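A.B. asks: Before I ask anything, here is the structure I am working with.
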Amino acid sequence: MTEFRAWVLLITVPALCVALFLWMAPPRHNPFAPVDLTEQPGLGTWHKLTRVKKNHELCFKALDDAGVLYTPLPDSARGEKCGLYNGLTLDRSLTPYSATLRMTCAETAALYVWERHVARPAAIKYFSTPIARIETYGSYSCRNIAGSGRLSEHAASNAIDISGFRLEDGRLIDVKTFWGKGGKEDQFLHLVHDRACGLFSVTLGPDYNAAHADHFHMDMGSGRACR
């Protein structure tokens, strides 16, 4: 009987602690709270972005609530090598991008959170000036992962490559020039890379391989990596 009570306590106490946390925690720390892309990231943000990846209606609603402007795209025919599914063309976010972006809703949601809560505040922190434009090599591209025979997440419109940041004072903080060179530019680039890891499924940069020497790859695929 004593052993049974011990097992009950082992099961009940952690469950009560989790329930108490979910009840008292701010929404940004609660993975089951309504998805709000404008709230500061917290312990629950990764799980919420995973939820919108699996629930497309919830994802598009989250973009609408955040004020992101986009044009929905029709799904590609099933069975094609590459294609767009639950995709959109990004019309307007908080910051202009240097190329037209066609992405999945989930990729767009993660990108918006990163842009709003990571990249833009980091530019003010390190350079005291806003970002005028985010430089990108694009999103959708029907191609394989460099050096392999496997399709890239770009082939499913589920990834973006970021090469740098044009500031409002004219400076260009680009990955190729400043990564690993020290100074506030390098610190800025490491911060926006590292914090992307908590939002996207996969974040790759120059330390991963030579193919990423001049950009960050950020995707919402099924993998999990931060390099």
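A.B. asks: For the chain, calculate the relative contact order in percent as a whole number, restricting contacts to Cα pairs under 8 Å that are 6 or more residues apart.
C.D. replies: 14 percent.
A.B. asks: So how tilted is helix 56-66 from the main axis of the chain? Cα-based, degrees 0 to 90, rounded to 10.
C.D. replies: That helix lies at roughly 70 degrees to the long axis.
A.B. asks: Just from its helices, what would the mean residue ellipticity at 222 nm be for the chain, if runs of 4 or more DSSP H residues each count -39500 (n - 2.57) and the sum is divided by every residue, rounded to the nearest 500 deg cm²/dmol?
C.D. replies: Taking each H run of at least 4 residues, the total per residue is -11000 deg cm²/dmol.
A.B. asks: Still on this structure, I have one more. Pairs of lysines 8 or more apart, or on different chains, with alpha carbons under 26 Å: count those in the range 34-226, would you?
C.D. replies: Total qualifying Lys-Lys pairs in the range 34-226 comes to 8.
A.B. asks: Between Ile145 and Leu172, take the C-beta separation as r, use R0 = 22 Å, and let me know the FRET efficiency to the nearest 0.05. If you can, show how the numbers build up before the last one.
C.D. replies: On the way: r = 28 Å, r/R0 = 1.25.
After rounding, the FRET efficiency stands at 0.20.
A.B. asks: Anyone know which of Ser98, Ser76, Ser148 comes out most mobile in the 10 Å Cα GNM of the chain?
C.D. replies: Ranking Ser98, Ser76, Ser148 by mean-square fluctuation puts Ser148 first.
A.B. asks: Nearest 10 degrees, 0 to 90: what angle lies between the long axis of helix 45-54 and the longest principal axis of the chain (Cα atoms)?
C.D. replies: 80
A.B. asks: Arrange Cys197, Cys82, Cys59 by Cβ neighbour counts within 10 Å, fewest through most, would you?
C.D. replies: Taking fewest neighbouring Cβ atoms as first place, the list is Cys82, Cys197, Cys59.
A.B. asks: In terms of modelled amide H atoms, which long-range or inter-chain residues lie less than 5 Å from the amide H of Leu84?
C.D. replies: The answer is Ser76.
A.B. asks: Sticking with this structure for a sec: For a test of the definition: using alpha carbon positions, the gyration tensor, and the 1.5 limit on a/c, classify the range 34-226 as rounded, prolate or oblate.
C.D. replies: The shape class here is oblate.
A.B. asks: Hey, another quick one. Report the net charge of residues surrounding Tyr137, where surrounding means a beta-carbon distance below 10 angstrom and charges are Lys +1, Arg +1, Asp -1, Glu -1. Intermediate values should be presented prior to the final figure.
C.D. replies: Values: positive: none; negative: Glu135, Asp161, Asp214.
Counting the neighbours of Tyr137, the net charge comes to -3.
A.B. asks: On a 0 to 90° scale, report how tilted helix 183-196 is relative to the longest principal axis of the chain, with both axes built from alpha carbons and the result rounded to the nearest 10.
C.D. replies: 50
A.B. asks: Can you tally the net charge around Arg120? Count Lys and Arg as +1, Asp and Glu as -1, for every other residue whose Cβ sits under 14 Å from the Cβ of Arg120.
C.D. replies: +3
A.B. asks: What is the fewest-to-most order of Arg195, Arg143 by other Cβ atoms lying within 10 Å of their Cβ?
C.D. replies: Details: Arg195 19, Arg143 11.
Ascending Cβ contact count within 10 Å gives the list Arg143, Arg195.
A.B. asks: So for each of 123-134, 177-188 I average, over its residues, the number of other beta carbons within 10 Å; can you give me the resulting order with the highest mean first?
C.D. replies: Sorting 123-134, 177-188 by mean packing, highest first, produces 123-134, 177-188.
Readers should treat all values here as calculations from the given coordinates under stated rules, not as data from a laboratory. Not measured: the values here are computed from a predicted model. All Cβ positions, even for glycine, are placed from backbone atoms using ideal geometry, and neighbour counts span all protein chains on display.
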